[in-house]
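In what follows, a structure is listed as structure tokens, so that the remarks can point back to it.
The values are calculated or read from the model by the stated rules, or taken from the named source; none is laboratory data. Small disclaimer: the values here were computed from a predicted structure and weren't measured. All Cβ positions, glycine included, derive from the backbone under ideal geometry; neighbour counts span all protein chains shown. Just the protein is used for accessible areas: all its heavy atoms, side chains included, with ligands, DNA and RNA removed. Shrake-Rupley method; radii C 1.70, N 1.55, O 1.52, S 1.80 Å.
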Amino acid sequence: MAGAELWLPLLLAAACAGPAAALWPWPQSVRASDGRYPVSPRRFQFRYHDRSAAQPGCSVLDEAFQRYRRLLFGAESGRRPARTDTLTVNNEQCFLLSETVWGALRGLETFSQLVWRSPEGTFFINKTEIEDFPRFPHRGLLLDTSRHYLPLQSILDTLDAMAYSKFNVFHWHLVDDSSFPYESSAFPELTRKGSYNPATHIYTAQDVKEVIEYARLRGIRVLAEFDTPGHTLSWGRGVSGLLTPCYSGSQPSGTFGPVNPILNSTYEFMKTFFLEVSSVFPDFYLHLGGDEVDFACWKSNPDVQAFMKKKGFGNDFKQLESFYIQTLLDIVSAYGKGYVVWQEVFDNKVKVRPDTIIQVWREEAPVSYLKELALITEAGFRALLSAPWYLNRISYGPDWEDFYKVDPLSFEGGPEQKALVIGGEACMWGEYVDSTNLVPRLWPRAGAVAERLWSNKEVTDPDFAFKRLAHFRCELLRRGVQAQPLSVGYCEQEFEQT
């Protein structure tokens, strides 16, 4: 059920609401009033209205009803909600209409942000009407679990906060040069020799299933990335002969470079490995990387040089890289999967399928990310933007404003081109991030990207954003997310933590 969301307008009507000016991300249309209704936690019920659309027993909504009840009222929630035909708030109707289950989840999040509590402890909800839908269908967040291993609970907690922000894609950069924490059933030596610790710093098959299901119940797809031919030093520890031996003069130096693209055994390994990966991760898309390939080792290797000459590549190692990537893409395509790749695959003119998604991550070199988006869409490919949203880069002060000011469609191009930009991703690379600083570095800064990908393009006022994001940060604290402050001041929720 966690495939692409087919969004039509979402209506949250009648006696819903609260301080609407605190909503994050900002909806497409909000009509609020001062009329308010008290909400009794013990009497409050979520109820199904249209049995044909979502019958009692829909696991996604049943789980969401319980989850949001706890988020709203905590220990005061009393008995479980009844499963009947309407959604009510006290004696006034609050009606949530959505064309999809995933839209209903987003509507529940909006609803949860509209309930407020008076200083005396009474819950209220104001009369409001909201029509909402996302500007972009792909609203992602990347976590890197190779440079530093992130415990399973850290990933699950991140998925919760993503749902609060209406992100819908978890881009899981599982492995890299530093470590290989993904436990492969076909090649167990990859984890035994490539992880930091095969007993404690791995993701078992059960862990992966738990992440996928936890994400699904929150309307989040899991896009797994296994980046090759570069960023693969950890792979070589568990698979002999997979990496290219580097040479110093006429002798091997004892070091290794990218995946060896000249051996049949390389592609036999990839066939088996990606057959497993394709079955483990249910999403239609896999991320196959293809970025930052250092050609120095390939250049030093006489066998690679001979292969290049035989193929007629001359000294153009981009052609050798393209040869490898095209072969890999053919392998993955044969398993019925689509693929996302980093922009170098496009820049190096690899022949890819028309439905390939190109992710833009380079800010200026060799061209600006806006020019890159123009080139990719002009060629007819769909694009994702990440270049200006590297959250691992930090600076003193309100750097969230820089993320917030980005418009993915501000490049020169026609409507057909801009329709090919399907969204973007905030990226948290892990060189200097582990479970000790992940949460405050992510939140609420990632929220700036979330609103940019959700809200109308006209919602750009930083002062209006600051007030709402500061409130959202306090709400995150109330929900147990240790989000860092945006400026001076305090949240009442700081003193409610247990």
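Summed over segment 353-365, residues that are outside any loop (DSSP other than H, G, I, E, B) and at pLDDT below 95 total 0. Once segment 336-351 is narrowed to residues that are crowded, with 18+ Cβ neighbours inside 10 Å and over 23 Å from the mean Cα position of the chain (by Cα), the residue that is farthest from I422 (Cα to Cα) is V350.
Restrict the check to segment 433-443 and report whether at least one residue is open to solvent by less than 10 Å² (accessible area, probe 1.4 Å), hydroxyl-bearing (S, T, Y) and over 22 Å from S368 (Cα atoms). For segment 433-443, residues open to solvent by less than 10 Å² (accessible area, probe 1.4 Å), hydroxyl-bearing (S, T, Y) and over 22 Å from S368 (Cα atoms): absent. Residue pairs whose Cβ atoms lie under 8 Å apart, separated by 6 or more positions or on different chains, with the first residue in segment 176-200 and loosely packed, with under 14 Cβ neighbours inside 10 Å and the second aromatic (F, W, Y), are A186/F273. Hey, does segment 141-154 have a residue that's in a helix (DSSP H, G or I) and either open to solvent by 40 Å² or more (accessible area, probe 1.4 Å) or among the aromatic types (F, W, Y) (or both)? Checked segment 141-154: at least one residue is in a helix (DSSP H, G or I) and either open to solvent by 40 Å² or more (accessible area, probe 1.4 Å) or among the aromatic types (F, W, Y) (or both). Taken over segment 252-282, the residue count meeting the criterion of being part of a helix (DSSP H, G or I) and either farther than 14 Å from S240 by Cβ or among the charged types (D, E, K, R) (or both) is 14.
Name the single residue that is most open to solvent (accessible area, probe 1.4 Å) among those in segment 366-388 being hydroxyl-bearing (S, T, Y) and outside any loop (DSSP other than H, G, I, E, B).
Kept after step one, since they are hydroxyl-bearing (S, T, Y), are these residues of segment 366-388: 368-369, 377, 386.
Filter once more, keeping what is outside any loop (DSSP other than H, G, I, E, B): 369, 377.
Numbers: Y369: 38, T377: 5 Å².
Taking the candidates together, the pick is Y369.
Of G241, G236, all but one fail to be in contact with a Ser or Thr (Cβ under 7 Å, 6 or more places away or on another chain) and open to solvent by less than 60 Å² (accessible area, probe 1.4 Å); the exception is G241.
The condition of being of a type in the set (S, T, Y), open to solvent by 20 Å² or more (accessible area, probe 1.4 Å) and not in a loop (DSSP other than H, G, I, E, B) holds for only one of S395, S333, that being S333. Helices (runs of 4 or more DSSP H) fully within segment 403-483 that include at least 2 residues being farther than 28 Å from Y149 by Cα and over 20 Å from the mean Cα position of the chain (by Cα): 415-418, 462-478. Selection within segment 321-330: residues that are crowded, with 22+ Cβ neighbours inside 10 Å and either among the hydroxyl-bearing types (S, T, Y) or out of contact with any strand residue (DSSP E or B) (no Cβ under 8 Å at 6 or more places or on another chain) (or both). The member of this set that is farthest from P366 (Cα to Cα) is Y324. Within segment 73-91, if we keep just the residues that are of a type in the set (A, V, I, L, M) and surrounded by 14 or more Cβ atoms within 10 Å (Cβ to Cβ), the residue that is modelled with the highest pLDDT turns out to be V89. Tallying residues that are polar (S, T, N, Q) and within 20 Å of V433 (Cβ to Cβ) within segment 178-211 yields 5. Checking A21, A32, A53 one by one, the residue that is more than 27 Å from L159 (Cα to Cα) and either surrounded by fewer than 19 Cβ atoms within 10 Å (Cβ to Cβ) or modelled with pLDDT under 80 (or both) is A32 and no other. Scanning segment 289-314 for residues that are assigned to a loop (DSSP other than H, G, I, E, B), over 26 Å from I358 (Cβ atoms) and touching a residue at least 12 places away in the same chain (Cβ under 8 Å) yields a single hit, N301.
Only one of R47, R117, R70 is in contact with a Ser or Thr (Cβ under 8 Å, 6 or more places away or on another chain), modelled with pLDDT of 90 or more and surrounded by fewer than 18 Cβ atoms within 10 Å (Cβ to Cβ). Can you tell me which? That would be R70, the only listed residue that is in contact with a Ser or Thr (Cβ under 8 Å, 6 or more places away or on another chain), modelled with pLDDT of 90 or more and surrounded by fewer than 18 Cβ atoms within 10 Å (Cβ to Cβ).
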